[in-house]
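Just so it is clear, none of the values below were taken in a lab; they were calculated from the coordinates. These numbers come from a predicted model, not from an experiment. Note: ideal-geometry Cβ built from the backbone for every residue, glycine included; neighbour counts use all protein chains shown.
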Amino acid sequence: MQAQHLLNIEDLQAGDIMLKVKGKSTINKIINVAQALTRLSTEDANIVHAGLLIRDQDQQGFEEFYVVEAQSGGLAKNRLLQDTTKYFVFRANNEDVRNGIATAAKLVSDLQGQNQNVSYSIKGAISSLFKRIQGNHQVANNLLDNIIDGQPAPMYCSQFVMSCLLFVHETFRENGVSPINQNFFNDINKNPAQLIQDLRESPSFNFVGLFQL
């Protein structure tokens, strides 16, 4: 694992990828145990959840950081300053990619607020842990299409992150070349431990540091 540089709130940027360290919820505990059984790295197994950071206005009109994440109750936009979770923070090297990630996450969050159609896929989360299915781009594209169309779109945390990243990647490809390395999308159904490993190894992303209030 990279050196754990401690981040302040001002070090964060919209579009950052937030990877949660071993939480207390039941699903987090299940994911932690399953990942420990299927991966060699204990540190990676402790990464049990993933979300995307955005900036948005609170009820008083002030801008705040929020983590958009797929949870057991569905897609949520949670205020970062109300959260004492420990996060490993990764960031796309390309500024346009970072802006695209933040825009995609906010779009999905806003649509969820209107449609209430994104639920947490327990089956999908378990499948990602044991690699019973190989993901493909069409799965992620279908999830985002369903959200936009107001249709049910069950997904788990790292699948939501990968769907947003793939959306940005494909948008760049339609207009030329994507700054995100194509190999990063060889498997869409990454569990959180696989996601952090692939982010660490990808030339398109950097580990920024560790954030905790």
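For the reader, a short list of remarks on this structure follows.
- Spin-label zone in region 158-193 - amide nitrogen under 17 Å from a point set 7 Å from the Cα of Asp110 along the C-beta vector: 164, 168
- Per-residue Cβ neighbour rank within 10 angstrom, fewest leading, Asp198, Asp11: Asp11, Asp198
- Taking amide H as placed 1.01 Å from N in the peptide plane, the amide H of Asn191 sits under 5 Å from none that are at least 5 places away or on another chain.
- Between Val208 and Val89, Phe90, Arg91, the built amide H atoms are under 5 Å apart, and every one of these is 5 or more places off in sequence or on another chain.
- Taking each residue as 0.36 nm, the span from Phe62 to Asn183 lengthens on full extension beyond its C-alpha to C-alpha distance by 39.7 nm.
- Long-range amide H partners of Ile47 with built H, under 5 Å: Lys22
- Charge context of Val177, other residues only, Cβ under 14 angstrom, K/R +1, D/E -1: -2
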